[in-house]
Amino acid sequence: MCGIVGYIGAQEATAIVLAGLRELEYRGYDSAGLAVLEAGALRCFKAVGKLDNLVAKVGDYRSSGPVTAIGHTRWATHGKPTEANAHPHGLTHSQVVHNGIIENYLALRDSVDTPFLSQTDSEVIVHLFEQRLAQQQPGLSGALAAFRDTLAALRGAYAILLISETLPGHVFFARLGSPLQIGLAADGCHFASSDAAMVGVCATAVYLEDGQWGVAGTDGLQLFDATGAVVEPRLLPLPASSLAARKEGFRYFMEKEIYEQPQVLADILTGRLRDEAVTLDEFPSAWLANFSSVTLCACGTSYHAALAGSYLLERLARVPAKVEIASEFRYRDPVLDPRGLFVVISQSGETADTLEALKLAKAQGLATLALCNVDNSSMVREASQTLLLRAGIEKGVASTKAFSAQVMTLWLLALYWAQSRDTLDTARRVEEIAAMRRTLDVVRVQKPVHERLHRLSKRYLHGHGFFFIGRDLFYPLALEGALKLKEISYLHAEGYPAGEMKHGPIALADAELFTIALMARSTLYDKIKSNVEELSARDATIIAISTEDFELADDLIRIRAFEHPMLEFFEMLVVVQLLAMEIAIRLGNDVDMPRNLAKSVTVE
């Protein structure tokens, strides 16, 4: 989940590395650093907190001539956020940056004699390298052997960049379970853990596969697989512009991304809807016809999208669906349907728990499908088939438009699957497709609604917590609304099926408990109205999101009346996203980079 940037070339390196790290800030971090190797000597700069603190540390220093440089933004997993624990980590002659986790680092620390300066697992890499380098003949071949021996000792996940005074002009790299890519440009060779740091800088990139490692230098690129066999690098194109990643006048990227949702859904539906059918060019509908069940596996926001998708898949395609939390799934010794489809969902395509669940399902012989927002990501390359989300770069750590994209793509998949199984008549398919087209207007932010939420937000900055409640499809939305609020406001919030209130949670009800009630007219309205009445009778403060007047609501957020539940779902989604954002802004929080969180969770 940390960010990695590197560079080899003759340009001024600090500006290149700092600019790359700036593009990766959205992933979340608590410290940053960079190391520069020029004229055979290493210089290292580190700072706790925002990247501006590192810029201040670098000060007036600028590199000149041929140079290698590596940089890192760290999110603490081992050791507190301190300068000593910030990357790069160095020893006598070398510096390393690492994203991932070294599971056997304690045993490895005991195997070397040199003293450690940090509490991190990552520092062991540079100690192992220099220990093994001392046992080799001088030169590139000896350094490659030392680097390979170092990698062989590591257990866990990693993306690694390492530079050494003994080999100026070279960067050693490796990838296992954590993304890393190499970009080629006229000014030199670039490295990054995400496309965002290379867009507009490099035209093409090599996306490393798990187990690949090697060395890059001014004399070229040497790439190897896990066995040491030479690999021919495969260049893939990169986008030409990073315009989509700019704020364009909005206060925060999160706000911009909420407002972008109509265009995102339009992009998803483009070329996929006819008057009476859904068309997905990624795979034929016949591929789906013979699967006896579907398992949806994901984490966090993507898990909530998976829950919503399970309702749609069962309701439209009549295929048995179950939903798994990826972090639990892989350790449960699960029994999977050998004739079932295994679907993983991830914005980044690098979520470690979900990626491992995908590998487990593949090992058991299941067909696999990845719903992902990043082409060339690990899940896209690993899965049998892929549906790209078409959401574009999402900078805000708390996902908004990617969640909308996931739900819409699952809705498309459910209808496409229904066609293959012939579970819907033509009239119902036409109704679903018409509703899909209307979502483009439904998710368009209504200015009066946003202004009301802005005014309303100041009333909900205290209390002892929030309940988000809904029924049917609106239960996953309640979970997502609660997650969005807690992620960026740091207020306690929980999502519940409304019918579960009387089975325990209602014991918390009082005037300082704020209940966000998703009262969909299209779905079980009378039942959720009864559930809300029970809470109101116990003095809970009620914020109702509904098309109807509700006399017990302390505050009513009125939405437009729709017959189709998915249209109510998407309009309520925008409301809970905006409400969470406005409350967090009132509290003075940086909603784009909430504390303790990262955009791409590439460690368990």
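Quick notes on this structure:
- Alpha carbon centroid spacing (whole Å) that separates the range 123-198 from the range 518-548: 57
- Over 19 Å apart at the Cα level, from the set Lys80/Lys486; Lys322/Lys362; Lys247/Lys395; Lys256/Lys447, are Lys80/Lys486.
- Straight-line reach from Lys458: taking Cα to Cα under 16 Å and skipping same-chain neighbours fewer than 8 places apart, the aspartates and glutamates in range are Glu512, Asp554, Asp555, Glu582.
- The range 263-303: C-alpha gyration tensor shape, a/c 1.5 cut-off, then a/b vs b/c: oblate
- Each of Leu453, Pro81, Tyr525 was scored by the projection of its Cα onto the charge dipole of the chain, and the greatest displacement toward the positive side belongs to Leu453; charges sit on the C-beta of Lys, Arg, Asp and Glu.
- Cα-based radius of gyration of the range 283-374 once divided by 2.2 N^0.38 Å, which approximates compact folds: 1.00
- Among beta bridges from DSSP that stay inside the range 209-327, the antiparallel ones total about 60%.
- Sum of -39500 (n - 2.57) over DSSP H runs of 4+, divided by residues of the chain (222 nm, nearest 500): -10000 deg cm²/dmol
- Look at where the Cα atoms of the range 436-454 and of the range 256-311 average out, and the two centres are 21 Å apart.
- Within the same chain, lysines fewer than 8 places from Lys502 are excluded, and of the rest, those with a Cα less than 23 Å from its Cα are Lys527, Lys529.
- Restricting the calculation to Cα atoms, the chain yields a radius of gyration followed by a Dmax of 25.5, 82 Å.
- For the range 445-604: rounded, prolate or oblate by the Cα gyration tensor [a/c cutoff 1.5]: rounded
- Antiparallel %, DSSP beta bridges [both residues in the chain], to 5: 65
- The fewest-to-most ranking of Ser285, Ser292 by surrounding Cβ atoms within 10 Å reads Ser292, Ser285.
- Residue order, fewest to most beta carbons within 10 Å, for Phe283, Phe342: Phe283, Phe342
- Anisotropy class of the range 388-440 from Cα gyration tensor, a/c 1.5 cut: prolate
- Interchain or long-range residues, amide H under 5 Å from Val323's placed H: Leu296
- Residue-count net charge about Pro81 - beta-carbon cut-off 14 Å; Lys, Arg +1, Asp, Glu -1: +3
- Percent of beta bridges antiparallel (DSSP, the range 246-444, rounded to nearest 5): 5
- Net +/- balance of residues flanking Phe129 in space, Cβ distance below 12 Å, scoring K and R +1, D and E -1: -1
- Checking every one of the chymotrypsin sites (Phe, Trp or Tyr not before Pro) in the range 15-63 against DSSP loop status and a limit of 13 other Cβ atoms within 10 Å picks out Tyr61.
- Cβ crowding within 10 Å, taken as a proxy for footprinting-reagent exposure, orders Trp213, Trp75 from fewest neighbours to most as Trp75, Trp213.
- When its C-alpha radius of gyration is set against 2.2 N^0.38 Å (N residues), the range 323-457 gives a value of 1.25.
- Charge tally for Trp417 (other residues, Cβ to Cβ under 11 Å; Lys, Arg +1; Asp, Glu -1): 0.
- Along its first, second and third principal axes, ordered by size, the range 3-243 spans 48, 40, 33 Å in Cα coordinates.
Every read-out reported here was derived from the displayed coordinates using simple, explicitly stated rules and does not represent laboratory data. Note that this is a predicted model, so its numbers are computed, not measured. Cβ sites come from the backbone with ideal geometry, for glycine too, and all protein chains shown count toward neighbours.
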